[in-house]
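Take a look at the structure below.
The values are calculated or read from the model by the stated rules, or taken from the named source; none is laboratory data. Keep in mind that what you see is a predicted model, and the values were worked out from it rather than measured. Every residue, glycine among them, receives a Cβ derived from its backbone with ideal geometry; neighbour counts consider all protein chains shown. These accessible areas exclude ligands, DNA and RNA; they are computed on the full protein's heavy atoms, side chains included. Shrake-Rupley method; radii C 1.70, N 1.55, O 1.52, S 1.80 Å.
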Amino acid sequence: MINEKLFQLLGLAARARKIISGEELVVKAIQTGNAKLILLASDASHNSTKKIQDKCTYYNVEYHVIGDRYQLGHATGKQARVALAIVDSGFAKKMSSLLNEK
């Protein structure tokens, strides 16, 4: 139920252009302070996961591992995506509350 709400909210954020996808663009968004929340696919490679988690820890950005690359891509209306950065604080706050309910 929570995942369904989260993926619907992801789709809404994607249509509002408040999501950055792709590993390198997500890392850049973390470094510049634009990223409010990071979503990682559970099937991301070890190197990608470690790089993004380390950046999130260093720059104090909340991150969650959820779904696989195809679920994240489908929710945003794109192909498979390993990492997503939410750049809007309103969307990030709502998604964070949904993810922390678990």
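Points worth noting:
- Helix-only CD estimate at 222 nm, as mean residue ellipticity for the chain, using -39500 (n - 2.57) per DSSP H run (n ≥ 4): -18000 deg cm²/dmol
- The chain: relative contact order as a whole-number percent, Cα under 8 Å and 6+ apart: 40 percent
- Here the accessible area of the chain is 48 percent carbon and sulfur, with a 1.4 angstrom probe and all protein chains present.
- Under Stokes-Einstein, with the Kirkwood radius over Cα pairs as Rh, the value for the chain at 25 °C and 0.890 mPa s is 188 µm²/s.
- 10 Å beta-carbon shell around GLY90, net charge (K/R +1, D/E -1): +3
- Taking other residues whose beta carbon is less than 11 angstrom from the beta carbon of ASP68, and scoring Lys, Arg as +1 and Asp, Glu as -1, yields +1.
- Counted charge near ILE20, where neighbours are those whose Cβ lies closer than 14 Å (Asp, Glu -1; Lys, Arg +1): +4
- Paramagnetic label reach from LEU98 (point 7 Å along Cα→Cβ; backbone nitrogen cut-off under 12 Å): within the range 1-45, residues 1-14.
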